[in-house]
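Worksheet for the structure shown next.
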Amino acid sequence: MADKKAPLLTVEHLTMRFGGLLAVNDLSMTAYRGDITALIGPNGAGKTTVFNCLTGFYKPTEGRITMHRNDGEDFLLERMDDFRITKNARFARTFQNIRLFGGMTVLENLMIAQHNPLMRASKQTIGGIFGIASFKRAEKEAIERAEYWLEHINLTQRADDAAADLPYGDQRKLEIARAMCTGPELLCLDEPAAGLNPAESEELNKLLLFVRAECDTGILLIEHDMNVVMGISDHIIVLDYGVKIADGTAEEVRSDPKVIAAYLGVEDEEVDAVGHEIEETAAEVRQ
Amino acid sequence: MAEATQTGAAAGGGLDLSEIGKDLAITALLGAALFGSTIAFKTETATGGLSLVLRFESAFFVIAAVVVGRLILLLTVWRRPTGGDRTFVPQALQLRYADFLAKTGKAFVPIVLLFAVVFPFLPFTDRYLLDLGILILTYVMLGWGLNIVVGLAGLLDLGYVAFYAVGAYSYALLAQYFGLSFWICLPLAGILAAFWGIILGFPVLRLRGDYLAIVTLAFGEIIRIVLLNWYNFTGGPDGISGIPRPSFFGIPFKRGEGGFADFFGLDYSSIHRIIFLYFLILILALITNFVTIRLRRLPIGRAWEALREDEIACRSLGLNTTSIKLTAFATGAMFAGFAGSFFATRQGFISPESFTFIESALILAIVVLGGMGSQIGVVIASVAMIGGFEIFREAEQYRMLIFGLAMVMIMIWRPRGLIATREPSIFLKEKKAVSADMVAQGEGH
Ligand SMILES: Nc1ncnc2c1ncn2[C@@H]1O[C@H](COP(=O)(O)OP(=O)(O)O)[C@@H](O)[C@H]1O
Ligand SMILES: [Mg+2]
């Protein structure tokens, strides 16, 4: 594995404006190779917006996003088409609202994620029509890779069922496995634990730790519930009203007063007081 | 309230009479407004101008029929409990039907294929039936071609006939200006149509849903209007006549020395050429089918279906959706081009009139009726539609009415088409059909 503390993704001065709304304000952050980096913040803090900028679904108003691939090549993501970010920069993502190909089987979902290498092997379809040997080999490998991931998410038995037929928790895991099948160097997950029960949540954490340990893939994790990420994150960035308010290890973030104000340990009766505090902090930062 | 009506209905009493009365009154009023003007008054040309004929009786009967019809519907069908599936057929029956289709489907295909092969030699097959067979097979081929675009890739294309026209005119013009033979023009026509598919597709495919449908519709019309107005080149409304007939790989179908009959030591008969045309379109259609089935199992075909399911997810997985859409568009167009050049050589005469929007609509209806993405569904739908048209040829005026009514009934009965289940393109252990309600239909449906 490469040097553990080499940066994998650097974000500099990222700003995203929707009309008058400043959804992300001058965010700079770094995700390191081999780390699980968490981006947390209350609902509406701008986490999904950051994600959409990183993955090319939105064009940021300002800022520079650089992906440093393992082979040393750098990609400036803000200039790339969304599909090229996955294809060339090896940056895969999942969605806050699961987006599987519901009418296709679990196996088919995993095969589509391997579209680009398979297309190459089929000589842009021409060779595939005539069934050339190199394509058959590539297809076999693709199926093996799909089986490998099916085993790790415990879905081998359901490989031939429609994806829409799976229970919610399995759909989440399948979406992650599908993203992994694109062979990413950085995997971005948008609230993967949302809607999962504690047992499923536990399984998810195991899956993420497995990805970090085995696949040489960095993980960027969005979450609004701080407790979910505390156990598994190496590095946490806290976002509030589009502004970065903290950046550090779980311990550092947990004890940061701004984060506590925005987020943690707020008893029901204190909510109002903290609400004021949040506004003040945010106003301060904005100035 | 609604619940009370339902339980009351089950007991056979307690109807909400005032509701029904109100509904019927509105129906009668609407009927009067519509038919009062259109049926009650009729103008007739008489000597010295128009005269007005009053037909209050007819109008009254029509309105009464509408009101009674609505009453019957209110008392029977529309009293079903709300919620559940929207079709009128019970779920259990539908499931049994799907099961039946899945079981018979496998045996069905070889039988249909065998029948199609021996059809020209059956004792009852005459010239008329053979022509009808050719027509049906042409629509099967067009349906299969459009199925790639609409059924697999989920792009609603309302101008498909444009590529059919490009194919037909390619052959006709190449033959007219350069004297090229059918066998050279056939691939050229397909390539040209695919080329036009890409040219038209480039600006269009950025659009989504309904916009795509409207723009493809417009492009279909543009091509037809260009053909109509470019008089010097295409002959405009006069069309192109004297298009060379196909030869049996160089041996012409003619009487006497060197002809097909002479070469094979048969007696000359004009039916030979028709039988040849029949097998030609059968083979072309089967090639379309074979290629489609093959493509579905390749990465490109899977990507088409993924595109229909969720375009954004496709992009997140690194799929270049623009080029995937273009390949679907071009492949569909190519098969339309082949079919078009076949059409030109069969007719010997083409004009823009053969390529109106109604053709696009008919092909689309075949695809939708058959069940989007289903290959055998297209065959059944083509036989039903084109054959049905012929059966009702006598009832000329009511043909469209019957056709429309049948379409509505079938769409109520099976909103996803006759064959609605989807077969997976690849499987690990066991091939399980995916039921229709999970399969997305793509944009603009
Ligand atoms: N496409 C958009 N157009 C306008 N406003 C948007 C858009 N996307 C997000 N926003 C706004 O940006 C803010 C941040 O939203 P989001 O990134 O979804 O928050 P989070 O994911 O942290 O809950 C919200 O106020 C939201 O309304
Ligand atoms: Mg979000």
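What the table below lists for this structure:
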read-out	value
Residue match in the range A:224-238 (condition: within 15 Å of the chain's Cα centre (by Cα) and within 13 Å of ligand 1 (Cβ to nearest atom))	yes
Matching residues in the range A:34-86 - criterion: being more than 14 Å from ligand 1 (Cβ to nearest atom), open to solvent by less than 40 Å² (accessible area, probe 1.4 Å), in a loop (DSSP other than H, G, I, E, B) and at pLDDT below 85	A:34, A:80
Residues of the range B:255-267 satisfying the condition of being open to solvent by 90 Å² or more (accessible area, probe 1.4 Å) and either touching a residue at least 12 places away in the same chain (Cβ under 8 Å) or charged (D, E, K, R) (or both)	B:255, B:257, B:263, B:267
Selected residue [open to solvent by less than 30 Å² (accessible area, probe 1.4 Å), under 14 Å from residue B:145 (Cα atoms), modelled with pLDDT of 90 or more and within 10 Å of another protein chain (Cβ to nearest Cβ)] from B:327, B:292, B:331, B:288	B:331
Extreme residue, least open to solvent (accessible area, probe 1.4 Å), among residues of the range B:42-71 that are touching a residue at least 12 places away in the same chain (Cβ under 8 Å) and not in a helix (DSSP H, G or I)	B:53
The range A:15-52, residues that are over 17 Å from residue A:68 (Cα atoms), away from ligand 2 (no atom under 16 Å from the Cβ) and among the aliphatic types (A, V, I, L, M)	A:22
Residue B:315 vs. criteria without any contact (Cβ under 8 Å) to a residue 24 or more places away in the chain and either within 9 Å of chain A (Cβ to nearest Cβ) or surrounded by 19 or more Cβ atoms within 10 Å (Cβ to Cβ) (or both)	yes
Residue among A:153, A:132, A:176 that alone is more than 8 Å from every other protein chain (Cβ to nearest Cβ) and open to solvent by 40 Å² or more (accessible area, probe 1.4 Å)	A:132
Pair list, Cβ < 6 Å and 6+ apart or interchain, from the range A:110-125 residues that are within 14 Å of residue B:309 (Cβ to Cβ) to residues that are assigned to a loop (DSSP other than H, G, I, E, B) and open to solvent by 10 Å² or more (accessible area, probe 1.4 Å)	A:113/A:182
Some residue of the range A:89-104 being of a type in the set (Val, Ile, Thr) and away from ligand 1 (no atom under 16 Å from the Cβ)	no
Test: residue in the range B:210-219 that is polar (S, T, N, Q) and more than 18 Å from the chain's Cα centre (by Cα)	no
Meets criteria (more than 16 Å from residue A:109 (Cβ to Cβ), crowded, with 22+ Cβ neighbours inside 10 Å, more than 7 Å from chain A (Cβ to nearest Cβ) and modelled with pLDDT of 90 or more) for residue B:337	yes
Residue within the range A:201-223 that is of a type in the set (Val, Ile, Thr) and either within 16 Å of ligand 1 (Cβ to nearest atom) or within 14 Å of chain B (Cβ to nearest Cβ) (or both) present	yes
Positions within the range B:299-312 being open to solvent by less than 10 Å² (accessible area, probe 1.4 Å), in contact (Cβ under 8 Å) with a residue 40 or more places away in the chain and within 7 Å of chain A (Cβ to nearest Cβ), in sequence order	B:302, B:305
Count of residues meeting criterion [away from ligand 2 (no atom under 16 Å from the Cβ) and open to solvent by 40 Å² or more (accessible area, probe 1.4 Å)] in the range A:211-239	7
First in the range A:214-228 and not assigned by TED's automatic domain parsing to the domain that holds residue A:148, second anywhere and within 14 Å of ligand 1 (Cβ to nearest atom) and polar (S, T, N, Q), Cβ under 9 Å, 6 or more apart	A:222/A:48; A:222/A:96; A:224/A:43
Matching residues, the range B:220-234, being open to solvent by 80 Å² or more (accessible area, probe 1.4 Å) and among the β-branched types (Val, Ile, Thr)	B:222
Helices (runs of 4 or more DSSP H) enclosed by the range B:259-353 - at least 2 residues per element that are of a type in the set (Ser, Thr, Tyr) and touching a Cys at 6+ places or on another chain (Cβ under 9 Å)	B:321-347
Evaluation of residue A:91 against (1) closer than 28 Å to residue B:309 by Cα; (2) away from ligand 2 (no atom under 16 Å from the Cβ); (3) open to solvent by 10 Å² or more (accessible area, probe 1.4 Å) (one fails), failing number	(3)
Breaking point among (1) more than 24 Å from residue B:301 (Cα to Cα); (2) open to solvent by 10 Å² or more (accessible area, probe 1.4 Å), for residue A:169	(2)
Criterion: in contact (Cβ under 8 Å) with a residue 60 or more places away in the chain and in contact with a Pro (Cβ under 7 Å, 6 or more places away or on another chain) - qualifying residue of B:351, B:374	B:351
Residue that is away from every other protein chain (no Cβ under 14 Å) and surrounded by 14 or more Cβ atoms within 10 Å (Cβ to Cβ), where the choices are B:380, B:358	B:380
Criterion: on the phi < 0 side of the Ramachandran plot, assigned to a loop (DSSP other than H, G, I, E, B), surrounded by fewer than 17 Cβ atoms within 10 Å (Cβ to Cβ) and in the same structural domain as residue B:372 (by TED's automatic domain parsing) - qualifying residue of B:415, B:424	B:415
Complete set of residues in the range B:157-192 that are among the aromatic types (Phe, Trp, Tyr) and closer than 15 Å to residue B:331 by Cβ	B:160, B:163, B:164
Matching helices (runs of 4 or more DSSP H) fully within the range B:356-412 where at least 3 residues are among the hydrophobic types (A, V, I, L, M, F, W, C)	B:357-370, B:375-382
Tally, over the range B:360-398, of residues that are more than 28 Å from residue B:214 (Cβ to Cβ) and not polar (S, T, N, Q)	15
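Residue-wise test of (1) within 9 Å of another protein chain (Cβ to nearest Cβ); (2) within 20 Å of the chain's Cα centre (by Cα).
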| site | (1), (2) |
| --- | --- |
| A:76 | no, yes |
| A:102 | yes, no |
| A:110 | no, yes |
| A:114 | yes, yes |
| A:119 | yes, no |
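The values are calculated or read from the model by the stated rules, or taken from the named source; none is laboratory data. Source: prediction; values computed, not measured. Counting neighbours? That spans all protein chains shown, and the Cβs are built from the backbone with ideal geometry, glycine included. For accessibility, only protein heavy atoms count, side chains too; no ligands or nucleic acids. Shrake-Rupley method; radii C 1.70, N 1.55, O 1.52, S 1.80 Å.
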